[in-house]
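**Q** Attaching a single structure in structure tokens format; questions to follow.
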Amino acid sequence: MTEETINIHFKQSTLDELLAFSKLLNKDINVMIEEALEEYFEHAQKRLIEKAIEEDASMTNLDYDEFWDGVDLG
């Protein structure tokens, strides 16, 4: 696997926040960015799954009563 170099540019306010929290938490900035990205990816994946479920659910044009009409659950 080859490593790729990515140039990342932050606003000055973001850099200031990173430096401040790094000192407050006594945590490496790279670790903080990695943790933040992991959380972002998890959140984004959940949103994509929810969107796919909503789109899948909208594939039917039946309302609740029409869908369950004639189904005997007892």
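**Q** Return one number: the angle in degrees, 0 to 90 and rounded to the nearest 10, between the long axis of the Cα atoms of helix 12-25 and the longest principal axis of the Cα atoms of the chain.
**A** The helix 12-25 is inclined about 80 degrees to the chain.
**Q** Treat every Asp and Glu Cβ in the stretch 1-51 as -1 and every Lys and Arg Cβ as +1, leave all other atoms uncharged, and give the resulting dipole magnitude about the Cα centre to the nearest 20 debye. Could the numbers behind the result be given before it?
**A** Details: 6 positive and 11 negative charges, 47 e Å.
Approximately 220 debye in magnitude.
**Q** For the chain, what is the calculated [θ] at 222 nm in deg cm²/dmol (nearest 500), taking -39500 (n - 2.57) for each run of four or more DSSP H residues and dividing by its residue count? All intermediate terms of the calculation are to be shown ahead of the outcome.
**A** On the way: 3 runs with 48 residues, N = 74.
Result for the chain, helices only: -21500 deg cm²/dmol.
**Q** Of all chymotrypsin sites (Phe, Trp or Tyr not before Pro) in the chain, which ones are in loop regions per DSSP and have a Cβ with at most 11 other Cβ atoms within 10 Å? Could the numbers behind the result be given before it?
**A** On the way: sites: PHE10, PHE21, TYR40, PHE41, TYR64, PHE67, TRP68; in loops: PHE10.
When the chymotrypsin sites (Phe, Trp or Tyr not before Pro) of the chain are filtered for loop state and at most 11 Cβ neighbours within 10 Å, PHE10 remain.
**Q** Put +1 on the Cβ of each Lys and Arg and -1 on the Cβ of each Asp and Glu in the chain; which of TRP68, ALA52, ALA36 then has its Cα farthest toward the positive end of the dipole?
**A** Of TRP68, ALA52, ALA36, it is ALA36.
**Q** Next up: Where only protein heavy atoms count, and the probe is 1.4 Å, what is the accessible area per residue for the chain in Å²?
**A** Working: 7550 Å² over 74 residues.
With the other protein chains kept in place, the chain gives 102 Å² per residue.
**Q** Roll a 1.4 angstrom probe over the protein heavy atoms and tell me the percent of accessible area of the chain that is carbon or sulfur.
**A** Details: 4130 of 7550 Å².
In the chain, the share of accessible area belonging to carbon and sulfur is 55 percent.
**Q** Now a separate question. From the mean inverse distance of alpha carbon pairs (Kirkwood) and the Cα radius of gyration, derive Rg over Rh for the chain. Let's see the in-between values first.
**A** Numbers: Rg = 23.0 Å, Rh = 17.2 Å.
Value, to two decimals: 1.34.
The values are calculated or read from the model by the stated rules, or taken from the named source; none is laboratory data. Remember, predicted model here, so these are calculated numbers, not experimental data. Note: ideal-geometry Cβ built from the backbone for every residue, glycine included; neighbour counts use all protein chains shown. Surface accessibility is based on the protein's heavy atoms, side chains included, excluding ligands, DNA and RNA. Shrake-Rupley method; radii C 1.70, N 1.55, O 1.52, S 1.80 Å.
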